[in-house]
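Below you'll find the structure, written out as structure tokens, and then a few comments.
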Amino acid sequence: MRALRYPLAVAVALLLAVPCPVRAEDRGVVGGQIVKVADAPWMVALASRERFGGVRSGHFCGGALVGRTTVVTAAHCLSQEVLGVDVLDAKDLRVIVGRDDLRGSAGSEVPLRSVWVNPGFDTETNAGDVAVLTLAQAVPSGRSIGMAQAGDAAYAPGTAAGVYGWGDVNGTGAYSNKLRGARVLVLDDGLCRHAYPGGPEGTYDSATMLCGGLPLGGRDACQGDSGGPLVARGRLVGLVSWGSGCAQAGRPGVYTRISSVAALVRAHSTESLSGAPAATALPGASAPLGRPQPDAPAQWGPR
Ligand code: ARG
């Protein structure tokens, strides 16, 4: 019985062969549900119709409002690789505020006054993956979220967190038209170091990065969610940055650790940003995703 000499190999082969039993409409971000932007008012889409076409409002990344004119996102979202041109030549960059469905025209499309991309962003390791967008017009107060400082309890491993975006819902390039969110956990640094010890899949650096997901995978950010927020205890703790595949067991999502870049964000914002959790419509720390929507099956998982 040759196969029995390799029980692990057989188990892995079976797992790979058996299609994932999760129904497509249950998926997120990956493994999430539809979320109303009213319940995640700091969530914004980065858009350029010129670069990405108008069908989904030109969406290409996520971002988060940390002030009335200040949006944080990932540096890699504004790279030549993503935009196809230098960011200074992407003239129609917009931040879309208050739009649930990218096929519609709800909310507003705010032009930018200025863009700061972290010059310390390391394209090899993805360390320092942050950029600050200054809006040409202020959005109404009450939409922004506070950045969690170092030592905030929201960074404790096991903390429930929400990740949001209009990105790929299953790793096949199927982008969501409606905003989605998934509830994940802030994961232990040791686990992430183990997942990404260096080499082709990447290197986890706990000083500048944060890991989120579930130990067995199944929920994660994915392509197109980059720059979007990871929120825990009502505070911004991370920005979607990278990962190996999406939602795979043992390959958690890696986020820019907000506490490691908050000083840079403040230095490049033209307003004074409050560190305190902003007033949002979120019902509380135990429910970072807001209310489940009727067309999304309840899928809250372990709290
Ligand atoms: N780099 C991707 C983007 O530009 C985000 C990847 C996040 N991946 C993950 N497994 N969490 O949208």
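The values are calculated or read from the model by the stated rules, or taken from the named source; none is laboratory data. Quick caveat, the model's predicted, so the values are computed rather than measured. All Cβ positions, glycine included, derive from the backbone under ideal geometry; neighbour counts span all protein chains shown. Please note that ligands, DNA and RNA were not included when accessible areas were found on the heavy atoms of the full protein model with its side chains. Shrake-Rupley method; radii C 1.70, N 1.55, O 1.52, S 1.80 Å.
The residues listed here are Ser274, Ser260, Ser269; of these, the one that is away from the ligand (no atom under 13 Å from the Cβ), in a loop (DSSP other than H, G, I, E, B), at pLDDT 95 or above and not charged (D, E, K, R) is Ser269. For the stretch 163-190, taking the residues that are within 13 Å of the ligand (Cβ to nearest atom), out of contact with any Phe, Trp or Tyr (no Cβ under 7 Å at 6 or more places or on another chain) and not β-branched (Val, Ile, Thr), the one that is farthest from Gly212 (Cα to Cα) is identified as Gly173.
For every residue, the table says whether it meets (1) part of a strand (DSSP E or B); (2) on the phi > 0 side of the Ramachandran plot; (3) not basic (Lys, Arg).
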position: Cys61; (1), (2), (3): yes, no, yes
position: Arg68; (1), (2), (3): no, no, no
position: Val95; (1), (2), (3): yes, no, yes
position: Arg99; (1), (2), (3): no, no, no
position: Arg103; (1), (2), (3): no, no, no
position: Glu109; (1), (2), (3): yes, no, yes
position: Trp116; (1), (2), (3): yes, no, yes
position: Thr123; (1), (2), (3): no, no, yes
position: Asn126; (1), (2), (3): no, yes, yes
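Please work out if Arg51 is touching a helix residue (DSSP H, G or I) at 6+ places or on another chain (Cβ under 7 Å), modelled with pLDDT of 95 or more and either assigned to a loop (DSSP other than H, G, I, E, B) or open to solvent by 40 Å² or more (accessible area, probe 1.4 Å) (or both). When the stated conditions are applied, Arg51 passes them.
Just wondering, is there one or more residues in the stretch 150-163 that are over 26 Å from Glu271 (Cα atoms), β-branched (Val, Ile, Thr), in a loop (DSSP other than H, G, I, E, B) and without any contact (Cβ under 8 Å) to a residue 40 or more places away in the chain? Checking the stretch 150-163: not a single residue is over 26 Å from Glu271 (Cα atoms), β-branched (Val, Ile, Thr), in a loop (DSSP other than H, G, I, E, B) and without any contact (Cβ under 8 Å) to a residue 40 or more places away in the chain. Being more than 7 Å from the ligand (Cβ to nearest atom) and within 8 Å of the chain's Cα centre (by Cα) is the filter; apply it to the stretch 220-253 and report the residue that is surrounded by the fewest Cβ atoms within 10 Å (Cβ to Cβ). Per the stated criteria, the residue is Gly238.
Tallying residues that are open to solvent by 20 Å² or more (accessible area, probe 1.4 Å) and either farther than 15 Å from Val71 by Cβ or in contact with an Asp or Glu (Cβ under 9 Å, 6 or more places away or on another chain) (or both) within the stretch 254-270 yields 5. Look at the stretch 236-262: where a residue is without any contact (Cβ under 8 Å) to a residue 24 or more places away in the chain, no partner that is within 7 Å of the ligand (Cβ to nearest atom) and aromatic (Phe, Trp, Tyr) sits 6+ places away or on another chain with Cβ atoms under 6 Å.
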